[in-house]
Amino acid sequence: MNQYSRIAIVISDRSYEYDIYTLVIAFFQGVSTQVFDPGADIPFLADLTVKVQISDESIYISAGSLERHIASSAGAERSTVKNILKRNLYEMLRDICGRDLPWGNLTGIRPVKLAMSALEEDEESAAKKMTERYYVSPAKAELSVRIAGRERSILSGIDTDNGYSLYIGIPFCPSICLYCSFSSSPLSLWESRVDEYLDALILEMRACRYSFPGKTLHTVYIGGGTPTTLSPSQMDRLLGAVEENYDLSHVMEYTVEAGRPDSITAGKLRVLRNHPVTRISVNPQTMNQKTLDLIGRRHTVDDTVRAYEQARSLGFDNINMDLIVGLPGEGPDEIEHTMQCIEELDPDDVTVHALALKRAARLALHMDEYEKISFRASDMIMERCQEGCSRLGMTPYYLYRQKNMAGNFENVGYAKSGKAGLYNILIMEEVECILALGASGSTKIVYDDGRIERIENVKDIRNYLERIDEMIRRKDVLARI
Ligand code: SF4
């Protein structure tokens, strides 16, 4: 536990704020931290003040009683300044805290991208580079390089320059989980307007059918929210519209994130089987009923087992299960129990998430109430998940990080051979365009030179329904790419 309760960061150049702030809060998780301009009044007595002054000639950093002056050449590239800044600040915070971080000074969400570019050399040198340059622990560097290698081999057979993926969002859930930070709404509030939402979505689907001319559709992903909040006939209408409007003949993966077990019925699974869906998710998050009740999932462990077995008996041969570590009240014993149940069920892929306490989550808003139950993710817990997946014949195939993750860990997808979620890799590596439809859809254009542009749909459902014509117009440009 650290003894700090308030931290002030004073930065002369706010364009580095994200990197500095993220690094500080990675060392001091849960400590109230605020950023100020030089000379601003700090309205509290800080236990630790971090100051960063950047000029053309030098970088000055101080943290508590430690300080460093680093010479920097005028006109140095931003990336160089950022690296100097992060390396030095990391070393100082490490001295203050007396410990390293598993991901070193990396603050981005895609460490595997870095490993991928380091892979130009052999695996050992790539891992060494991550450890030496960014202070990534040897275990995490080895994991990133291993995943980068697997991603590279999966992507090697795919012409990503000439392909794209289709994402469709269904923003309704049976209830809102306490830790949720997605823009999802309870179905009970929208039940009478779901058909109207589908009308708008299908309008958008039709209007965008000629997006990315010349590119081949490689994957389809229906996510949310919880797509299986749709009734069987609504689901049938949605999937039928996908087939009417898009050429699925080269699609390598078609995922429907069934997600919440309380929304999955045999009838809906049959509808999915009647369409060319190849992969579904049945997401337990935990197999401990006490935790499910606490986090507002409003389904039982038995619901998960029932939904999974129904899907298997209907012939689904690629079922993913999402788990979360670091949930309130869950330590090694609870994870042990969850992993034993998962090993018995034997899914094809498992995604292990470390709980991210995003600001919007009700869990974060109620931290006082839940703090006493504690949020724990540890090496031991992460290793137990890895062991379980490896006993099921799975290897890690994708990884990403989020801000404020429990224990500074990561999310890792494990899959059996041939079952890795291709869409997950494509979205993380940002090598292929994505056409995203529905409320909160974020369309991504990946240009030949690696430049990325996004076209966002509004998040709010009411806004999406009212402004559907504008959402469509925003994507007009896609017909010329
Ligand atoms: S199922 Fe997922 S999207 Fe829905 S409320 Fe829970 S966390 Fe949010």
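What follows draws every value from the coordinates through simple rules; no lab data is involved. Predicted, not measured: the structure shown is a model, and the values here were computed from it. Glycine gets a Cβ as well: all are built from the backbone with ideal geometry, and neighbour counts include every protein chain shown.
Scanning segment 59-75 for residues that are buried (at least 16 other Cβ atoms within 10 Å of the Cβ) and either farther than 30 Å from Ala356 by Cα or in contact with a Lys or Arg (Cβ under 7 Å, 6 or more places away or on another chain) (or both) returns Ile59, Ile61, Ser62, Ser72.
Could you say whether any residue in segment 110-131 is over 28 Å from Tyr397 (Cβ atoms) and touching a residue at least 40 places away in the same chain (Cβ under 8 Å)? For segment 110-131, residues over 28 Å from Tyr397 (Cβ atoms) and touching a residue at least 40 places away in the same chain (Cβ under 8 Å): absent. When Glu191 is tested against the conditions (1) touching a residue at least 40 places away in the same chain (Cβ under 8 Å); (2) closer than 29 Å to Arg298 by Cα; (3) away from the ligand (no atom under 15 Å from the Cβ), the lone failure is (1).
Among the residues of segment 43-57, the one identified as surrounded by 14 or more Cβ atoms within 10 Å (Cβ to Cβ), over 20 Å from Gln3 (Cβ atoms) and of a type in the set (S, T, N, Q) is Gln53.
Considering only residues that are of a type outside the set (Gly, Ala, Ser), more than 16 Å from the ligand (Cβ to nearest atom) and not in a helix (DSSP H, G or I), which ones fall in segment 194-226? Of everything in segment 194-226, those that are of a type outside the set (Gly, Ala, Ser), more than 16 Å from the ligand (Cβ to nearest atom) and not in a helix (DSSP H, G or I) turn out to be Cys208, Arg209, Tyr210, Phe212, Pro213, Lys215, Thr216, Leu217, His218, Thr219, Val220.
Applying the criterion of being more than 16 Å from the ligand (Cβ to nearest atom) and in a helix (DSSP H, G or I) to the residues of segment 250-271, the residue that is nearest to Thr300 (Cα to Cα) is Ala266. Residues that are within 25 Å of the chain's Cα centre (by Cα) and farther than 12 Å from Phe27 by Cα are absent from segment 89-102. Just to be sure before I move on: is Tyr210 in contact (Cβ under 8 Å) with a residue 60 or more places away in the chain and surrounded by fewer than 19 Cβ atoms within 10 Å (Cβ to Cβ) in the structure I sent? The answer is yes for Tyr210. One residue is enough: does segment 236-245 have a residue meeting the conditions buried (at least 22 other Cβ atoms within 10 Å of the Cβ) and within 16 Å of the ligand (Cβ to nearest atom)? Taking every residue of segment 236-245 in turn, none turns out to be buried (at least 22 other Cβ atoms within 10 Å of the Cβ) and within 16 Å of the ligand (Cβ to nearest atom). Once segment 178-188 is narrowed to residues that are over 17 Å from Val458 (Cα atoms) and among the hydrophobic types (A, V, I, L, M, F, W, C), the residue that is nearest to the ligand (Cβ to nearest atom) is Cys180.
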